[in-house]
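Some notes on the structure that comes next.
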Amino acid sequence: MHRIDQRFVELRRAGRKALCVYLCVGDPSLEASGFLALEAIDAGADILELGVPFSDPTADGPTLARAAERAIAAGATLERVLEVASRIRARSEAPLVLFTYYNPVLVVGEAKVARLAREAGVDALLVVDLPPEEAGPLRAVCAAEGLGVVPLVSPTSHAARVEAIRHASMPLDGAPRAFVYSISMTGVTGASPSDLAAAARDAEAMRRAFDRPVLLGFGIDSGASARLAAGEASGGADGVVVGTALARRIEQAASGDEQRRAVRAFVSELRRALDEPA
Amino acid sequence: MLGAGYFGQFGGRFVAETLVPALEELDRARQEILPTPAFQAELHELLRSYVGRPTPLTEAKRLARRIDPDGGAIAELLLKREDLCHTGAHKINNALGQLLLAKAMGKTRIIAETGAGQHGVATATAAALLGLPCEVYQGALDMERQAPNVARMRLLGARVVPVESGSRTLKDAMNEALRDWVTNVRTTYYCVGSAAGPHPYPTLVASLQRIIGDEARASCIDRGALPDVVIACVGGGSNAIGIFKAFEGDASVSLYGVEAAGLGIDTDKHAATLSRGRIGVLHGAKSYVLCDDAGQVTEAHSVSAGLDYPGVGPEHARLRDTGRATYVSATDTEALDAALEVARAEGIVVALETAHAFAAIGAIARREAEARGRPARILVCLSGRGDKDLDTITAYGGGK
């Protein structure tokens with residue numbers, strides 16, 4: 001079984017919600033991101049999203065846009081992010097999702113990115129501005145390397161749209177089932193939390209529609225909101241994704257040591273909140 | 001299989017999932033509302049009585065002789081006068097059409113991006129006319145260099161939002177408009193200003209701008225002949241696609257787009273996307289893009305804020321690759337010189353965007369005359385007037 005699917009089976013068996021942590025790789029440096037990722041895994045993150053910084057991050061709010069600017073200035077590119085992924089993989093079996101905008105993938109080359117991602121130990125790609133209608137070629141080359149492409153659903157995805165996404169994102173032979181990323185609200189990353197309890201109920205409906213694990217992201221910035229977003233033990237989302245709130249702590253920390261402590265403390269807080277009985 | 005809205009391999013819809021249903025809704029409105037007789041009648045009445053269409057063709061005899069003193073290259077030089085539209089540029093054709101559509105769709109708030117401010121002014125104008133609240137995103141650098149248009153937008157009741165990120169120009173304004181749209185997508189209509197962006201914008205904008213070419217073609221036929229050559233400046237490419245569309249099927253007519261070469265296309269300070277870009281995705285469409293080997297979009301440069309953009313509309317990418325249109329470029333200095341030349345020869349102060357098209361007339365005319373063995377009849381899209389650029393043009397031309 002694919003590593004990422006195995007992780008969801010284990011979580012379900014243990015009755016736990018998945019904690020997925022997003023890191024903008026290269027912020028503050030490529031080397032530091034590798035350490036911070038391992039720190040997050042050690043503190044209880046189940047899955048890591050490794051963000052490729054992009055010059056024009058239209059789905060991101062100011063915090064992650066600033067993180068991307070710093071990461072680009074520090075020399076982060078898609079290929080260097082994958083080098084960081086392989087260093088993480090050498091030390092951990094946590095599932096890794098490469099989170100990127102499409103232009104770096106297109107310019108480097110879809111087949112080359114899929115091959116490099118597989119070699120680096122990545123499990124799936126999430127391309128935020130690549131709707132399933134445009135994702136056919138990437139899904140094919142990823143499946144050939146044993147990688148998934150994570151589909152997204154949004155509060156604006158009406159029933160017919162959900163069906164279209166489901167149909168266009170069925171796991172191909174060789175690819176993991178991975179998960180569905182459910183966006184909790186209309187907005188960019190880091191916006192104020194919306195009605196997360198309602199989003200958790202929507203996520204449950206998505207899980208039934210897709211018959212795949214659903215992770216809820218956007219607007220989750222504390223243990224309490226993670227708990228709310230994850231919903232009931234037997235229902236709700238299968239887990240949550242946290243990005244901006246972590247990037248903000250990294251941004252505000254004064255030193256490398258402080259960044260590591262901040263990541264550990266925050267990921268631990270999220271982990272505890274998710275593991276509390278509902 | 002390719003998704004919706006492709007021009008050859010270019011175009012498509014590369015956006016966050018949240019926006020896909022809104023683009024589908026817009027595409028339905030484009031197909032179901034836009035073509036109806038009632039909508040067309042309302043739009044054309046406003047274009048006539050409010051915008052001042054049809055715009056005339058002006059023959060530029062003095063300019064022709066200055067560019068081509070012996071008459072060997074230019075038989076006739078005709079200017080399609082979009083500068084005479086209300087608000088001073090072709091942008092109003094698109095803004096008015098889109099905002100009428102927004103109203104018919106029940107949208108209650110308008111947003112737009114702007115570079116030079118002409119699209120911002122046009123959108124603010126249409127919003128005022130139709131009673132819709134309007135916010136315009138503009139790069140902070142562009143707000144400085146196009147200050148008169150900022151004042152006009154505010155006077156028209158629009159809120160102008162400065163964008164401080166990135167290069168503080170058009171690209172960054174479009175990023176910020178997309179962020180607003182993804183946040184307020186249920187109530188808000190995003191009025192894209194160029195024939196760029198995700199499907200259906202390139203098709204929608206081209207369909208609203210082709211009136212430029214349809215009128216110009218009819219006027220040329222009234223005068224006795226089609227032009228041999230059509231020339232337009234290209235940033236995102238809306239005035240160019242608007243005039244090209246009508247002549248695309250006329251095999252005898254050569255189409256030329258003129259991009260901004262900034263300090264020169266062999267420097268790193270230019271906006272010549274079709275000349276020097278590579279295939280990429282920016283702002284929702286696959287087209288040519290100025291970006292590095294890692295896929296990071298690079299900052300464009302042009303003296304003209306409206307051309308200072310590292311992308312280009314996908315239909316131009318196809319016209320370039322099929323060879324149906326030819327894309328050349330003009331530098332900042334060549335454009336400024338052309339603006340001075342047109343002012344003194346014809347008494348028309350053209351926008352710096354438009355000045356790029358004028359800067360290329362001589363070289364294109366000589367090339368076409370040689371190929372045809374006779375002087376060429378040339379039609380230039382005079383896309384906008386240059387009042388907004390007076391500071392830049394006079395600072396440059398003060399000693400000339």
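The values are calculated or read from the model by the stated rules, or taken from the named source; none is laboratory data. Quick caveat: nothing in here was measured; it's all calculated off a predicted structure. No Cβ is skipped: glycine too gets one built from the backbone with ideal geometry, and neighbour counts run over all protein chains shown. With ligands, DNA and RNA removed, areas are computed over all heavy atoms of the protein, side chains included. Shrake-Rupley method; radii C 1.70, N 1.55, O 1.52, S 1.80 Å.
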Members of the stretch A:18-66 that become less accessible by 30 Å² or more once partner protein chains are added (1.4 angstrom probe, chain alone as reference): A:SER55, A:ASP56, A:THR58
How far apart, in nanometres, would the label points at A:ALA14 and B:GLU144 be if each is projected 7 angstrom from Cα along the Cα-to-Cβ direction? 5.4 nm
Here FRET efficiency (C-beta to C-beta, B:ASP387 to B:ALA225, R₀ 30 Å, nearest 0.05) is 0.35
Under the rule of at least 5 residues apart or a separate chain, name every residue whose amide H is placed under 5 Å from the amide H of B:CYS85. none
Considering only protein heavy atoms and a 1.4 Å probe, what is the carbon-and-sulfur percentage of the accessible area of the protein assembly as shown? 51 percent
Let's test the formula: R0 of 56 Å, r as the Cβ-Cβ distance of A:ALA233 and B:HIS86. What FRET efficiency results, to the nearest 0.05? 0.35
Summed buried accessible area for B+A [probe radius 1.4 Å, Å², rounded to 100]: 2700 Å²
³J(HN,Hα) computed for each position of the stretch B:310-316 - Karplus, 6.51 cos²θ - 1.76 cosθ + 1.60, integer Hz, glycine/proline x: x, x, 7, x, x, 5, 5
Take every Cα pair under 8 Å in the stretch B:239-345 that's 6+ residues apart, average their separations, divide by the length, and report that relative contact order as a whole percent. 30 percent
From the helices alone, meaning DSSP H stretches of at least four residues, give me the mean residue ellipticity at 222 nm for the protein assembly as shown, per-run term -39500 (n - 2.57), in deg cm²/dmol to the nearest 500. -14000 deg cm²/dmol
Of the convex hull drawn through the C-alpha atoms of chain B, the volume per residue in Å³ is 133 Å³
Given a 1.4 angstrom probe, what's the average accessible area per residue across the stretch B:1-64, in square angstrom? 47 Å²
Taking a 25 Å limit on the Cα-Cα distance, which of the listed pairs B:LYS107/B:LYS286; B:LYS103/B:LYS388; B:LYS91/B:LYS388; B:LYS91/B:LYS286; B:LYS103/B:LYS245; A:LYS17/A:LYS112 fall beyond it? B:LYS107/B:LYS286; B:LYS103/B:LYS388; B:LYS103/B:LYS245; A:LYS17/A:LYS112
Step through the residues of the stretch A:233-245 one at a time and calculate ³J(HN,Hα) from phi using the Karplus curve (6.51 cos²θ - 1.76 cosθ + 1.60, θ = phi - 60°), rounding each to whole Hz and writing x for Gly and Pro. 4, 8, x, x, 8, 7, x, 10, 10, 10, x, 4, 4
Which of rounded, prolate, oblate describes chain A, given a ≥ b ≥ c as roots of the alpha-carbon gyration tensor eigenvalues and a/c under 1.5 marking rounded, otherwise prolate only if a/b is larger than b/c? rounded
Sort out for me the Cα centre separation of the stretch B:57-114 from the stretch A:31-45, rounded to whole Å. 56 Å
Could you tell me whether the stretch B:9-86 comes out rounded, prolate or oblate from its Cα gyration tensor? Rule is a ≥ b ≥ c as square roots of the eigenvalues, rounded for a/c under 1.5, then prolate if a/b exceeds b/c, otherwise oblate. oblate
Per its Cα gyration tensor (rounded if a/c is under 1.5, else prolate when a/b beats b/c, else oblate), the stretch B:228-335 is best filed as oblate
Quick one: net charge around B:GLY131, please, counting Lys, Arg +1 and Asp, Glu -1 for every other residue with C-beta under 14 Å from its C-beta. +3
If you roll a 1.4 Å probe over the heavy atoms of the protein chains, what accessible area per residue do you get for the stretch B:287-363, in Å²? 27 Å²
Multiply the residue separation of B:HIS44 and B:THR298 by 0.36 nm, subtract the distance between their alpha-carbon atoms, and state the gained length in nm to one decimal. 87.5 nm
Less than 13 Å Cβ to Cβ from B:MET153, Lys/Arg counted +1 and Asp/Glu -1: what total charge do the surrounding residues give? +2
Using a cut-off of under 20 Å, list every residue of the stretch B:166-181 whose amide N is near the label point 7 Å from the Cα of B:LYS269 along the Cα-to-beta-carbon line. B:166-172
Mean accessible surface per residue for chain A, computed with a 1.4 Å probe while every protein chain stays in place, in Å²: 36 Å²
If amide hydrogens are placed 1.01 Å from N in the peptide plane, which non-local residues have theirs closer than 5 Å to the one on B:TYR189? B:THR108, B:ARG109, B:ILE110, B:ILE111
Around B:LEU101 (Cβ within 13 Å, Cβ-to-Cβ, excluding B:LEU101; K/R +1, D/E -1) the net charge comes to 0
